[in-house]
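The values are calculated or read from the model by the stated rules, or taken from the named source; none is laboratory data. These numbers come from a predicted model, not from an experiment. Note that each Cβ is placed from the backbone with ideal geometry, even for glycine, and that neighbours are counted across all protein chains shown.
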């Protein structure tokens, strides 16, 4: 089971099992991290829910104001199955008849959390 390693808080997240299962159906049942559990591969599933079942509030859950049924917390690890593919990182081509301030050929698309230092090192050694 996978967790992000954030320390859990030492109090139960839900007042009863109905609250817990309502939250699970709103969040875990749509998350790509828990999809292996829905396919019967529990060893590859997200372990955050199991921390809650043990009576602790996972550190990945952020408490929300108010008490909306099934939405007391927001999970920072949640990724919906319906998010679709990642957006393209290629630059838009210059429209015909429009001048360019900078040429687009040397542009390299960079994703967030990429190892930028390694990319800079490769570009500077080839230049």
### Message
I'd like the full set of residues that are without any contact (Cβ under 8 Å) to a residue 24 or more places away in the chain and under 18 Å from the mean Cα position of the chain (by Cα), limited to the range 46-63.
### Response
62, 63
### Query
Do we find a residue being in contact with a strand residue (DSSP E or B) (Cβ under 6 Å, 6 or more places away or on another chain) and in contact (Cβ under 8 Å) with a residue 24 or more places away in the chain anywhere in the range 14-26?
no
#### Entry: the range 29-75, residues that are modelled with pLDDT of 90 or more, in a loop (DSSP other than H, G, I, E, B) and either in contact with a helix residue (DSSP H, G or I) (Cβ under 6 Å, 6 or more places away or on another chain) or farther than 22 Å from residue 16 by Cα (or both)
39, 40, 41, 58, 60
### Query
Among (1) surrounded by fewer than 16 Cβ atoms within 10 Å (Cβ to Cβ); (2) in contact (Cβ under 8 Å) with a residue 24 or more places away in the chain; (3) closer than 23 Å to residue 14 by Cβ, which single condition is residue 33 missing?
(1)
### Query
Which of (1) in contact (Cβ under 8 Å) with a residue 40 or more places away in the chain; (2) within 18 Å of residue 30 (Cα to Cα) is the odd one out, the single condition residue 84 does not satisfy?
(1)
